[in-house]
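Asks: Here you go, one structure.
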Amino acid sequence: MVLAFLSVLLPALALGQEGTELALPPSQDRIEVTGGMGVDYVRASDLVNLLNSTDGLMARVPDFKSAVEFFGFVDVPVTERWMVKIEYAYLLTSYTVATTVGSGVAEQTITAFLPSIIIQYVLVGAPLYNLKVGAGGGFHFGSVARKVYFEDESYSGKGPGFILELEGNTAVSEHLFASLGVSLRWEWIGALTSSEGTTPGGIPGISMHMFGPGARIGVGYLF
C-alpha cells in the first residue's frame, strides 16, 4: 500500500516541478468534491456465526468477507492543517453457501448506509498533492436480507460507526485530482429486526456489528 501511495504522489511531485508557473494555492486550502468506489474486508461476526449454524451447511463461511463500497464526500478546509470531510458511503456484500436441506442454497445479503463526519489533519500539502490522516464517524443504518430454508425476510438496524483513514490526492489537471485511500472501520449497528418485529433465525439480539480494513480510489474536483 505504501507503493500505491507513492505511485499516486510521485507524479504530482514531478508535475509540480514542471508546472510551478500555475501558481495554484495549496491543495488543502481548496474545497474538494470526490466520488469513487473501494473494497472493504469486513467481519460481521453475529451474522457469520448465524449462517455457520445453519443445518446441513456443506462448507463454513469465513470470518472475513470482501465488500464493495461506493462513496462521495465534500472536504472543507478549516485551518492551514485541519479539514472537515462530510461523507456518504454505501457498503454491499453477500454470502451464498450450499446446504443439504431445502432448496440447497442459503443466502445472506448485507447493505449499509454510512453517513460520516471526519476530521482530517494534513501531513503533507502542496498545490498539486496532499496526504491526510483522519478520524470520525456517524450514525449508520444497515439491513440484512436472508433466504435460508423457509426464512425469506429482510431485517434492519442502526447504530454508531467509527473510521480511521489515510488519504492521498494528486493532480491530474489544475482542478481534477486522483484520490487514493486506506481505512479501518468499526460498525456498531445494533439488534436487527424485521418490520413485523421478528429477528434473524428467530434469535433475539443478532446485530450487524462489523470490523475491517478497506481501500478506495476516486476522482475529485478541487475548486
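The values are calculated or read from the model by the stated rules, or taken from the named source; none is laboratory data. Predicted, not measured: the structure shown is a model, and the values here were computed from it. When we count neighbours, we look across all protein chains shown, and the Cβ atoms used for this are built from the backbone with ideal geometry, even at glycine.
Asks: Name the pairs: first residue in region 99-126 and modelled with pLDDT of 95 or more, second residue exposed (fewer than 15 other Cβ atoms within 10 Å of the Cβ) and acidic (D, E), Cβ to Cβ under 9 Å, at least 6 apart or on different chains?
Replies: If the second residue must be exposed (fewer than 15 other Cβ atoms within 10 Å of the Cβ) and acidic (D, E), the pairs left are V122/E80.
Asks: Has region 209-217 got any residue that is touching a residue at least 60 places away in the same chain (Cβ under 8 Å), exposed (fewer than 15 other Cβ atoms within 10 Å of the Cβ) and under 24 Å from the mean Cα position of the chain (by Cα)?
Replies: We begin by selecting, within region 209-217, every residue touching a residue at least 60 places away in the same chain (Cβ under 8 Å); these are 209-217.
Adding the requirement that they be exposed (fewer than 15 other Cβ atoms within 10 Å of the Cβ) leaves 217.
From the residues that got through so far, the ones that are under 24 Å from the mean Cα position of the chain (by Cα) too are 217.
Yes, region 209-217 contains a residue that is touching a residue at least 60 places away in the same chain (Cβ under 8 Å), exposed (fewer than 15 other Cβ atoms within 10 Å of the Cβ) and under 24 Å from the mean Cα position of the chain (by Cα).
Asks: Another one. Only one of E174, E196, E151 is among the charged types (D, E, K, R), within 30 Å of P25 (Cβ to Cβ), surrounded by fewer than 20 Cβ atoms within 10 Å (Cβ to Cβ) and modelled with pLDDT under 95. Can you tell me which?
Replies: Going through E174, E196, E151 in turn, just one is among the charged types (D, E, K, R), within 30 Å of P25 (Cβ to Cβ), surrounded by fewer than 20 Cβ atoms within 10 Å (Cβ to Cβ) and modelled with pLDDT under 95: E174.
Asks: What number of residues within region 165-180 are more than 17 Å from G72 (Cβ to Cβ) and assigned to a strand (DSSP E or B)?
Replies: Of the residues in region 165-180, 4 are more than 17 Å from G72 (Cβ to Cβ) and assigned to a strand (DSSP E or B).
Asks: If you don't mind, there's one more thing I want to ask. Under 9 Å between Cβ atoms, which residue pairs at least 6 apart in sequence (or on different chains) link something in region 25-38 that is in contact (Cβ under 8 Å) with a residue 12 or more places away in the chain with a partner that is among the basic types (K, R) and surrounded by fewer than 19 Cβ atoms within 10 Å (Cβ to Cβ)?
Replies: Between residues of region 25-38 that are in contact (Cβ under 8 Å) with a residue 12 or more places away in the chain and residues that are among the basic types (K, R) and surrounded by fewer than 19 Cβ atoms within 10 Å (Cβ to Cβ), the close pairs are Q28/R81.
Asks: Another question, if that's okay. In region 124-158, how many are under 30 Å from V172 (Cα atoms) and of a type in the set (G, A, S)?
Replies: 6
Asks: On to the next question. State the number of residues belonging to region 33-70 that are under 22 Å from A191 (Cβ atoms) and surrounded by 18 or more Cβ atoms within 10 Å (Cβ to Cβ).
Replies: Result for region 33-70: 11.
Asks: Applying the selection to region 148-169, what residues are among the basic types (K, R) and either in contact with a Ser or Thr (Cβ under 8 Å, 6 or more places away or on another chain) or without any contact (Cβ under 8 Å) to a residue 24 or more places away in the chain (or both)?
Replies: none
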